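The structure appears right after this line, and notes come after that.
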Amino acid sequence: MKQLKICLIGYGRMGKEVEKFVIQRGHKVFLKLDNEHDWLNNIQDFLLSDVAIDFSIPNKVINNIHKCFDGNIPIVVGTTGWYDQLKEVKSWCIETNQSLFYAPNFSLGMNVVFEMNKLLAALTATYNYKFVISETHHINKIDAPSGTAIQLANDIIDKNSGYLGWKIGQHVADNLISIEVTRRENVSGIHEITAQSEEDKICLRHEAKGLDGFALGAVLAAEFLYDKKGIYTIDDLLNAALKR
């Protein structure tokens with residue numbers, strides 16, 4: 001496996017966790033960019049990176065993606081809260097022949113829950129089940145609800161024509177999925193999907209024990225993306241692993 005020169009964009013809680021796995025996997029943390037001052041002073045070095053991993057903040061990520069596309073640097077995006085611009089970003093990526101890997105959640109276990117959630121939504125679509133999603137994260141997480149919760153909700157909507165959208169809060173219209181949001185200290189991420197009828201209640205729950213699973217997934221995504229062009233998600237990474 002080639003040793004990659006990896007640029008970390010955003011060097012907060014997640015960036016520091018990713019750094020550990022970059023080193024553990026035998027790669028080099030080539031550059032750490034955490035603010036505009038870092039960008040201005042290191043732009044030439046940035047252009048020598050093999051791949052970038054972004055765990056920055058929602059209002060910076062689109063600009064960071066642009067900088068990577070302009071510099072011909074493949075980018076793995078773990079930041080969420082920008083998916084309202086995803087269609088536009090995908091178009092930029094294709095038009096400029098660049099490389100983008102994005103995922104609302106890089107945890108293997110959470111991606112298993114994504115698939116279980118789709119199956120649950122499909123199997124209960126013709127029955128009278130009401131879906132509720134709850135998500136709990138650390139107090140420093142800016143976007144709410146989480147990108148993971150939004151993905152869960154959108155997957156339910158895709159499989160169940162009774163839902164037209166989602167809304168934050170406990171009391172929502174019958175054709176909307178309720179997403180309950182909690183922020184508290186020392187939580188890496190908890191997501192729970194509940195489907196309830198008059199007869200019973202079905203629950204799917206994922207609780208991250210720490211940030212290791214997310215960080216490792218992001219580094220594996222960088223290894224996967226390095227020599228590719230186009231747009232990829234965690235499904236592509238998992239499918240590639242199954243084919244080995």
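Any read-out appearing in this document is the output of simple, stated calculations on the displayed coordinates, not a laboratory observation. Here the structure is a predicted model, which means the values were calculated and not measured. Every residue, glycine as well, gets a Cβ built from its backbone with ideal geometry; the counts of neighbours run over all protein chains shown.
Across all directions, the average flat footprint of the convex hull enclosing the Cα atoms of the chain is 13.8 nm².
Panel order for Cys93, Cys7, by other beta carbons found within 10 Å of each beta carbon, from fewest to most: Cys93, Cys7.
Each Lys and Arg Cβ is given +1 and each Asp and Glu Cβ -1; about its Cα centre, the chain then shows a dipole of about 520 debye. May I ask which of Lys5/Lys228; Lys32/Lys209; Lys5/Lys141; Lys167/Lys209; Lys16/Lys167 have a Cα-Cα span longer than 24 Å here? From the list (Lys5/Lys228; Lys32/Lys209; Lys5/Lys141; Lys167/Lys209; Lys16/Lys167), the Cα-Cα distance tops 24 Å for Lys32/Lys209; Lys5/Lys141; Lys167/Lys209; Lys16/Lys167. Farthest toward the positive end of the dipole of the chain, out of Ile94, Phe30, Ile65, is the Cα of Phe30, where the dipole comes from beta carbon charges about the Cα centre.
Given the options Leu164, His137, Cys203, identify the residue whose Cα lies farthest towards the positive end of the charge dipole of segment 108-207 (+1 on Cβ of Lys, Arg; -1 on Cβ of Asp, Glu). Projecting each Cα onto the dipole axis, the largest value belongs to His137.
Put in order of Cβ neighbour count within 10 Å, fewest first, the listed residues Asp70, Asp143 become Asp70, Asp143. A dipole drawn for segment 121-244 from +1 and -1 charges on Cβ atoms has a positive end, and of Leu220, Asn154, Ile177 the residue lying farthest that way is Leu220. Please give the calculated 222 nm ellipticity per residue for the chain, where each DSSP H segment of at least 4 residues contributes -39500 (n - 2.57) and the sum is spread over every residue; nearest 500 deg cm²/dmol? Computed ellipticity for the chain at 222 nm equals -12500 deg cm²/dmol.
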